[in-house]
Structures are given as C-alpha cells and as structure tokens.
C-alpha cells in the first residue's frame, strides 16, 4: 500500500511540473486531452467502467456505454451525482463505495448483486484511485464485470445436480443437504425430526417383466402417491432406484413417523395401472430419529436403511435401534478379522468322537472349526459361521476345513506306522457352499492330496441346503457318492424336507437334532419325534446319529431304540487333533481288553 501511494505522489509531481511549465491555454488543452484519453480508455474496455470525481458531493465524470446500461444512468440528462444513481447510492455497492471514498486504500474488489427480486444481476466490482492533476479533485475508477450469466448457469447446474430427472423430486444430494441443515441448526432439538427410508416392493419384477419404460412410469406414480400421503412441511426425495427418503418434523415424537407410515401404506392399497395391467405394490419403511449423537446426513440415512432392512424381514415399520446396529458393525468387523484368520491359517479344527452305541467303538470324529482371535478371545462358531455365510467366506472356510480334516486323518494313519485306521472323519458343509462351490471338485482334490479314500469321509449338510436348491443339492450329492463319500443330513427334524426328496437323494445317515435327544427322557413329544426319525431311517435303510448325548441313560436308551451312533459330552467334547488320537487309542485299547 505504501508503494502504491508513493507511485501516485510521483505521478502527481510529474503532472504538476508538466502543467506548470506551459501557458494556461496549453494547460487547458492538455487537461482536455487527458479527459479525452480517459474517455477513450473507458470506451475501449470490455467491461462497465466509470471515473468518479471525489469531493463533498461525488459525481461521475465520464463513463462508457456498458456502465450507462448497467447503472441505468445517462449524463445527457444533466444528472451525474452518485447520490442520484441507485446502483451507486444504496445496497452493497453504494455502502462500500462510500467507505472507499472516505478511506485511503488504493483499490478494493468484491463480488455482489444488485439485490433486485426480478432480473437481478451479479457483478465483480472494483474501486481504484487515479492520479490527481494539479488543482483537480481526486478521482477513482469504478468497474463492474457482469457475472450474471455465469452465476445463473451455476445455479441451473446446481438445481439439475440436486434434482431427480425422472420424478422431479430432490435427489440424495439435495436430501442430505436438508438433513444436514436440520442437524446444524442452532435451534435443533433432539428427537424433533425423523428420516424415513421407503423401499418399493416388486419393482425389480415389474422392470424385468414389463421393461424400463413401465418401471419409470411406476416410479413416477409411486412418488405421486407418496406426496399425497405427506404433510406440506415434509421433504420427499428419491434417494436411489426404487428407494425414497422423507425428512419430517416430529410434533408428537415417533408417533408422527408411524402415522406417516400408515398413510403411505394406505395410499398404496389401490392398484397401479400400467398399460393394460393392474399391479399392486407395497413398501417397507425404516425410520431413524435425529439426535445429537449423529453428526451428518449420511449416517442418519444409513440408520434409516438399517431399520428398513429389519422392516423387510419382519413386515412392519421399524425404528432404528443403536444396539442392533452395533451388533451389525461388530459382524462387519468380524468379517475382516475372519478373512485374515483364514488366510493366515489361524483357525483350528477340534474333533468330537462319534461312538457306535452298541459296541462303544470310536467310529470316527466330526471336525468342528474353532477360532481364537489375536486378543485370546474364543469366538463361538454360532457367531463366526453366520458371518462367514453372509460374506461368502464360508466357501473358503469350508475348503480349509475339508483339507485340514483329511490331512489330520492321514497324519493319524502315519502315526500308526502307515496302517489305515478304522475311523472316518465328518465335515460340515454350509448350504452357501453347496450353492456356490464345486463341492465334488473340492472333495476330490482334498482326497487326492491327503491320500484318504472317499469311504472314510462323511459330508454333513443341513436340510436347508436341500430345500434352498433341491436340484443343485441332488447333483452335488450324487457327485460325492461317485467319490465313495458318505452323506449325512445334519439337524434332522428341524427343517421341512419332504419324504419324496429323501427317497431321491443319496443320503446315508440322519443326525437327530440335540434338542430332541436331550429332552426325550422327560418330554413325550421329543421322545415321539426321536422314535419317528429312527423308524423312518430304518425304513429307508439309513444309519442314524444322535447328537447331544449328555449321560449314560440317554446313550443306553438310544442304543435300545436302534440308533446307530451317538456323540456328546457324555463321551467327550470336541478335542484338539493330538488329544482326539489319544482318545481313540484309549477307547480302542479298553474295548480290546474288555
């Protein structure tokens, strides 16, 4: 700033010297020439510009045509005072110009608008002081760059960016802005707003069967129905393909959200007419209440989507529960940890003895996965197996268990000098693995790598593996039988397998669920179920295994009823490989001694 002031003083001294060295007529001509040059300079500029004479009553000394148009001013009408020109008298430009004229800054620049409701314009405004001629007042130049077209284009693009082109509703970005505005409002009260996530059912079927145009028509009509069910103050947005978000104020707490859900359900009772067809469409609704613990719109909507997922499974509108979400996050974290554990071979197998009930002989072992995390915590199978199934890791886990179990059986043979033991191994296979993996190829590779014959392997699968995809299950089981492997149906009695399916499938054994076995001595219904399963297996030529034998009385009773095998804590819990081998040796020697 000091350098600019020095330059201004230097220019003034030069002009004073020049003007003082000539006659008055020449001086007058020189001033006229300077004014002409200034006007020519302004006329040559591509922007609106004017020179203002500073004094007690500032006025426009000269201006170009662009400035006259923008400021709606014409000096030919005889009025040049800035106090008579609205653009320079009031508003942001007028206020800042007055402050600039009173100050001593060499220049000042800012962006502003002329504040008109209709036809308003946007400018980049610059004030700059000019050199002062001898005996003349100070002057400054005002320039305005019209940015109206740019600003309007940006507004238009932003509007398009925040609008769903199909329904005309706000999109996810616009919806998030609305939610964030509520969360960051100083007057926001916890529990005063809610976000609803609404998902249309059967939309994918309509799209697949009737085409995208019909699907779009359905979305538009669905959106209109939603609008009719909401209050004027509610904000509706299309957040994804067939999912909509609603931001609503809660005057009576969660009751308002449930009432809105009821109204939405009500407007969907009438069928939708698409072409010549009438289609009924329902929706699932999840709700998240805004509170101080949530910091942004994305988190709020994720919470609503979590509740929506629950709503789909239970069939009623659900409100987000933080404890449920924490469990889901824990499962997601467990997925990462489990993947690392599988890849780094940190899981182990434990082996539970399978006892022939009539003789007490150890017929084999069931291999069960065990996991202890890096912190030494034992993760129960009923926690990590569902995570593995949901994430798809069950295929990798199943192959690992199969290969490890057969390799262990081969190690036991080698520990006996290469003599093949009279014991087999049972490995569980998930329905997910049956549906996604080439089970026969996996079993064939594991048998080949271990040198174990297929006759010593039993593959256990649940009824759900058969119910989910009977044809694929049949194909997989028949392929296993060609490898001489045995097939056992686990937890039998808890599913819905038809007798026709059991006749067609190559099943060698039925495993009776522990819930029926442990209760059969005291509960007549459980005893009847066990009797029925044993009779069915005998009629179909299948062996049976009773799970959960906890005492000698149960073992004796099941043996008398004709159950083939048993396993449970009465015999032993699942043991590490070395202890399982020792258990077999002790039982085998004891049986031989007897």
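Bear in mind these aren't lab numbers, they're just calculated from the coordinates by the rules spelled out. All values reported here derive from a predicted model rather than from experimental measurement. Glycine gets a Cβ as well: all are built from the backbone with ideal geometry, and neighbour counts include every protein chain shown.
Would you calculate the separation in nanometres between label points at residue 521 and residue 309, each defined as 7 Å from the Cα along the Cα-to-beta-carbon direction?
With each label placed 7 Å out from Cα toward Cβ, I get 4.3 nm.
Between the helical axis of 524-540 and the dominant principal axis of the chain, each derived from Cα atoms, what acute angle in degrees is found, rounded to the nearest 10?
Helix 524-540 sits at roughly 70 degrees to that axis.
Pairs of Cα atoms under 8 Å, at least six residues apart: use those to get the relative contact order of the stretch 300-364, whole percent.
On the way: 28 pairs, mean separation 10.7, N = 65.
Dividing the mean separation by the residue count of the stretch 300-364 yields 16 percent.
Give me the distance between the Cα centres of the stretch 530-594 and the stretch 228-285, rounded to whole Å.
About 57 Å separates the Cα centre of the stretch 530-594 from the one of the stretch 228-285.
Once you place label points 7 Å from the Cα toward the Cβ at residue 573 and residue 374, how far apart are they in nm?
Computed distance between label sites residue 573 and residue 374 equals 2.7 nm.
Hey, rough spin-label estimate for residue 124 and residue 44, points 7 angstrom out along Cα→Cβ, what's it come to in nanometres?
Computed distance between label sites residue 124 and residue 44 equals 2.1 nm.
Tell me what the chain gives for mean residue ellipticity at 222 nm when only DSSP H runs of n ≥ 4 count, each as -39,500 (n - 2.57), the sum divided by the residue total, rounded to 500 deg cm²/dmol.
Numbers: 23 runs with 296 residues, N = 594.
Value at 222 nm, helices only, nearest 500: -16000 deg cm²/dmol.
Mind ranking 245-258, 478-491 by how tightly packed they are, going by the mean number of other C-beta atoms within 10 angstrom, highest first? Intermediate results must be reported in sequence, preceding the final value.
Working: 245-258: 17.0, 478-491: 19.2.
With the highest mean Cβ count within 10 Å placed first, the list reads 478-491, 245-258.
Relative to the longest principal axis of the C-alpha atoms of the chain, give the angle of the C-alpha long axis of helix 552-561, reported between 0 and 90° and rounded to the nearest 10°.
70 degrees
Could you tell me what fraction of 2.2 N^0.38 Å the Cα radius of gyration of the stretch 240-337 comes to, as a two-decimal ratio?
Working: Rg = 15.9 Å, N = 98, 2.2 N^0.38 = 12.6 Å.
The reported ratio for this selection is 1.27.
Report the calculated FRET efficiency for residue 438 and residue 550 (r = Cβ-Cβ distance, R0 = 45 Å), to the nearest 0.05. Write down the numbers at each step before the final one.
On the way: r = 39 Å, r/R0 = 0.86.
That pair, residue 438 with residue 550, gives E of 0.70.
Relative to the compact-globule scaling 2.2 N^0.38 Å, provide the ratio for the alpha-carbon radius of gyration of the stretch 377-496. Walk me through the numbers before you get to the answer.
Numbers: Rg = 14.7 Å, N = 120, 2.2 N^0.38 = 13.6 Å.
It is 1.09.
Which whole number in µm²/s is D for the stretch 324-399 by Stokes-Einstein, with the Kirkwood Rh taken over Cα pairs at 37 °C and 0.692 mPa s? Mind showing how you got there, number by number?
On the way: Rh = 13.9 Å.
In µm²/s, the coefficient rounds to 237.
Taking a quarter of the surface of the Cα convex hull of the stretch 509-548, what do you get in nm²? List each step's numbers first, then the result.
Numbers: hull surface 9.2 nm².
Quarter of the Cα hull surface area: 2.3 nm².
What number in nm² do you get for the stretch 164-320 if you take the convex hull of its Cα atoms and divide its surface by four?
Working: hull surface 35.1 nm².
Seen from a random direction, the Cα hull of the stretch 164-320 projects 8.8 nm² on average.
On alpha carbon coordinates alone, what is the Rg over Rh value for the chain, Rh being the Kirkwood radius? Present the calculation step by step, with values, prior to reporting the outcome.
Working: Rg = 42.3 Å, Rh = 32.6 Å.
Rg divided by Rh gives 1.30.
To two decimal places, what compactness ratio does the stretch 164-226 give when its Cα radius of gyration is scaled by 2.2 N^0.38 Å?
Details: Rg = 15.8 Å, N = 63, 2.2 N^0.38 = 10.6 Å.
Expressed relative to 2.2 N^0.38 Å, the Cα Rg reads 1.48.
Tilt of helix 381-391 relative to the longest C-alpha principal axis of the chain, in degrees (0 to 90, nearest 10)?
50 degrees
How high is the relative contact order of the stretch 164-320, in percent, counting Cα pairs under 8 Å that sit 6 or more residues apart?
Working: 265 pairs, mean separation 49.1, N = 157.
Reported relative contact order: 31 percent.
Gain in length, residue 210 to residue 280, computed as 0.36 nm per residue apart minus the alpha-carbon separation, to one decimal in nm?
Details: separation 70, 0.36 × 70 = 25.20 nm, distance 1.43 nm.
Result for the pair: 23.8 nm of gain on full extension.
Binning at 10 Å from 0, report for the stretch 207-286 what percent of all alpha-carbon pair distances ends up in each bin.
16, 49, 26, 8, 1
Could you run the Debye sum over the Cα atoms of the stretch 78-225, one equal point scatterer each and no solvent, and tell me log10 of I(q)/I(0) at q = 0.10, 0.12, 0.15 Å⁻¹, two decimals?
-0.66, -0.79, -0.96
Hey, could you grab the Kirkwood Rh for the stretch 347-585? Inverse mean 1/r over distinct alpha carbon pairs, Å, one decimal. Don't skip to the end; give the middle numbers.
Working: mean 1/r = 0.0547 Å⁻¹.
Over the stretch 347-585, the inverse of the mean reciprocal pair distance is 18.3 Å.
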